[in-house]
Ligand code: BG6
């Protein structure tokens with residue numbers, strides 16, 4: 001892999017995301033040669049750290065993720081890190097930051113290339129973007145901006161942020177991270193659909209009865225009550241991760257694998273996304289909040305959560321497109337905190353076409369994303385004795401050795417930023433459509449709240465409220481997981 005010269009500036013350099021994900025990912029990219037001699041990283045944040053202290057933190061982060069590593073390598077890697085204490089609202093600090101970036105650019109021959117990484121509280125993204133433009137922090141080579149989620153809290157706020165960003169970055173320079181797009185089995189959706197004639201030929205509205213996407217989490221909101229209470233499952237998980245998965249499942253075949261063609265196919269699909277009205281939200285969506293047990297808090301008793309909160313920690317709903325291979329096919333989703341287990345799973349349920357065998361078990365294709373990486377076909381076969389049918393699962397599984405080789409999603413996505421591949425990032429037009437959908441649901445819920453309706457309370461560590469089975473568009477649909 002080529003050594004790509006760059007000065008990277010990380011806003012939020014003392015934060016948890018940088019420590020857990022970004023520094024270890026950069027170390028692996030360094031070991032593989034993608035960044036080597038000609039790079040420098042500036043970590044910026046409020047805390048008064050020194051360069052040495054940051055380097056120690058980087059080394060700790062690498063050890064925590066990978067255990068023992070080659071210490072000479074690690075020391076050489078960490079020597080490329082610099083720290084600049086920074087108040088994001090103070091103009092002077094951007095001037096100092098610019099100077100440091102220029103100095104490091106010369107020292108490491110970075111050819112004016114810059115990657116700006118926003119890895120801090122989203123309320124500062126807009127301010128930082130404006131200062132980058134006003135103080136002309138961009139370099140004379142390539143300039144790329146990486147933005148973490150959430151990108152806005154509604155279409156309106158997302159539009160404001162986008163405008164602020166567009167002051168110094170064009171759309172093709174913006175890399176909006178959705179870490180689900182870095183996951184192995186999410187990246188496997190298009191190859192599964194499009195490289196197998198057997199699957200490609202049934203991927204249409206005549207053969208597929210419905211699709212079910214489940215992103216279940218075992219944990220509650222933990223220390224993030226403050227953030228979560230202003231967000232909820234719909235904004236936290238559906239607006240981004242669930243919609244990106246659904247888009248990959250329902251988009252038409254792109255003209256090629258080029259990132260521009262992939263995004264064009266996604267946009268064509270999303271133009272036909274049906275935005276739900278109040279009646280559709282009432283019929284097709286269920287929201288819930290986890291209750292407590294003797295040993296665990298109910299959501300409304302969690303730290304930093306309003307005891308009267310109507311924020312949902314669970315949502316089940318349905319999505320439909322008018323165009324594309326699955327036009328009119330119901331796509332159901334659900335996600336929640338404190339569910340039975342941590343599991344991300346996609347079920348594609350086929351129509352019953354068994355003919356002379358009468359009613360049979362449904363054929364389905366299951367993509368297990370987390371914690372296992374697996375694709376599984378459920379089919380009917382003959383019982384050994386007697387004339388009946390039995391169900392069989394045919395699985396394509398990763399061996400433990402293969403599973404161990406799967407890179408972390410962040411490493412993949414950061415690599416893609418370096419090589420300027422935007423395939424697995426969210427483009428503005430996609431994001432805009434997702435927000436239109438989410439805003440419509442949130443508005444309908446707001447009206448429900450005003451008329452005294454609340455999210456349902458569900459027992460923790462199960463599959464959410466039993467009422468989630470009421471969202472089905474067809475009487476024979478049911479959750480298969
Ligand atoms: C994040 C959400 O985007 O995704 C969290 O903000 C959630 O609330 C997390 O826990 C889930 O990610 P993963 O990769 O653990 O499924």
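Computed from the coordinates by the stated procedures, all read-outs in this text should not be read as laboratory data. Bear in mind that the values here come from a model prediction, so they are computed numbers and not experimental data. Positions of Cβ are generated from backbone atoms using ideal geometry, with glycine treated the same way; all protein chains shown enter the neighbour counts.
Please work out whether the stretch 349-481 counts as rounded, prolate or oblate from its C-alpha gyration tensor, where a ≥ b ≥ c are the square roots of the eigenvalues and a/c under 1.5 means rounded, while otherwise a/b larger than b/c means prolate and anything else oblate?
Working: a/c = 2.18, a/b = 1.16, b/c = 1.88.
Because a/c hits 1.5 or more and a/b fails to exceed b/c, the stretch 349-481 counts as oblate.
How high is the relative contact order of the chain, in percent, with contacts defined as C-alpha pairs under 8 Å that are six or more residues apart?
Values: 878 pairs, mean separation 80.9, N = 481.
Relative contact order for the chain comes out at 17 percent.
Rounded to the nearest 500, what is the 222 nm mean residue ellipticity of the chain from helices alone, with -39500 (n - 2.57) per DSSP H run of 4+ residues and division by all residues?
Using -39500 (n - 2.57) per qualifying helix, the result is -9500 deg cm²/dmol.
Would you mind calculating the relative contact order of the stretch 336-379 from Cα pairs under 8 angstrom and at least 6 residues apart, reporting the percent as a whole number?
Numbers: 65 pairs, mean separation 16.0, N = 44.
Relative contact order of the stretch 336-379: 36 percent.
If you fit an axis through the alpha-carbon atoms of helix 409-418 and take the longest principal axis of the Cα set of the chain, what angle between them do you get, 0 to 90°, nearest 10?
Long axis of 409-418 versus the principal axis of the chain: about 50 degrees.
Along Cα→Cβ, 7 Å out, is where each label goes; now give me the distance between the ones at residue 296 and residue 109 in nm to one decimal.
In this crude spin-label approximation the distance works out to 5.6 nm.
Just rank 49, 435, fewest to most, by other beta-carbon atoms within 10 angstrom. Can you show the working numbers first?
Numbers: 49 19, 435 23.
Going from sparsest to densest Cβ surroundings: 49, 435.
With everything on Cα atoms, drop me the angle between helix 51-66 and the longest principal axis of the chain, reported from 0 to 90° to the nearest 10.
Taking Cα atoms only, the helix is inclined about 30 degrees.
Applying 1/(1 + (r/R0)^6) with R0 = 25 Å to the Cβ-Cβ distance of residue 470 and residue 443, what FRET efficiency is obtained, to the nearest 0.05? If you can, show how the numbers build up before the last one.
Details: r = 21 Å, r/R0 = 0.84.
Rounded to the nearest 0.05, the efficiency is 0.75.
Would you mind getting me the FRET efficiency between residue 352 and residue 419? Use the beta-carbon distance for r and R0 = 41 Å, nearest 0.05.
On the way: r = 46 Å, r/R0 = 1.11.
Given R0 = 41 Å and the Cβ-Cβ separation, E is 0.35.
By how many nm would the segment from residue 2 to residue 159 grow when fully extended, if each residue of separation counts as 0.36 nm and the alpha-carbon distance is taken off?
Working: separation 157, 0.36 × 157 = 56.52 nm, distance 3.62 nm.
Stretched fully, the residue 2-residue 159 segment lengthens by 52.9 nm.
I'd like the FRET efficiency for residue 384 and residue 75, computed as 1/(1 + (r/R0)^6) with the beta carbon distance as r and R0 of 60 Å, rounded to 0.05.
FRET efficiency, residue 384 to residue 75: 0.40.
Defining a contact as two alpha carbons under 8 Å apart and six or more residues distant in sequence, what relative contact order in percent does the stretch 191-341 show? Show your work: numbers first, answer last.
Details: 224 pairs, mean separation 59.0, N = 151.
Normalised by residue count, the contact order of the stretch 191-341 is 39 percent.
So if I take the centroid of the Cα atoms in the stretch 376-433 and the same for the stretch 158-235, what is the distance between those two points in Å?
Centre-to-centre distance over Cα atoms comes out at 14 Å.
Mind pulling the angle between the C-alpha long axis of helix 155-166 and the longest principal axis of the chain? Nearest 10 degrees, somewhere in 0 to 90.
Helix 155-166 sits roughly 30 degrees off the main axis of the chain.
Report, for the chain, the % of DSSP beta bridges that are antiparallel, rounded to 5. Intermediate results must be reported in sequence, preceding the final value.
Details: 39 of 73 bridges.
Once the DSSP bridges in the chain are tallied, antiparallel ones form about 55 percent.
What is the stretch 1-75 by shape, rounded, prolate or oblate, if you read a ≥ b ≥ c off the alpha carbon gyration tensor as root eigenvalues and call it rounded for a/c under 1.5, prolate for a/b larger than b/c, and oblate otherwise? The partial results should precede the final answer.
Working: a/c = 1.78, a/b = 1.23, b/c = 1.45.
Oblate is the answer for the stretch 1-75, as a/c is 1.5 or above yet b/c matches or exceeds a/b.
Classify the stretch 162-240 from the C-alpha gyration tensor, please: rounded if a/c falls under 1.5, else prolate or oblate depending on whether a/b exceeds b/c.
Cα axes put the stretch 162-240 in the oblate bin.
Quick one: go through the stretch 384-398 and flag any residue whose amide nitrogen is under 19 Å from the point 7 Å out along the Cα-to-Cβ line of residue 360.
The answer is 384-395.
Could you put 344, 300 in order, starting from the residue whose Cβ has the fewest other Cβ atoms within 10 Å? Present the calculation step by step, with values, prior to reporting the outcome.
Numbers: 344 23, 300 19.
Sorted ascending by nearby Cβ count, the order is 300, 344.
Based only on other Cβ atoms within 10 Å, what is the fewest-to-most ordering of 219, 248, 190? Mind showing how you got there, number by number?
Details: 219 10, 248 22, 190 18.
Listed from fewest to most nearby Cβ atoms, that is 219, 190, 248.
Would you mind calculating the gained length between residue 140 and residue 275 on full extension (0.36 nm times residue separation, minus the Cα-Cα distance), in nm to one decimal? Walk me through the numbers before you get to the answer.
Values: separation 135, 0.36 × 135 = 48.60 nm, distance 4.26 nm.
Result: 44.3 nm gained on full extension.
Roughly how many whole Å is it from the C-alpha centroid of the stretch 458-477 to that of the stretch 295-331?
12
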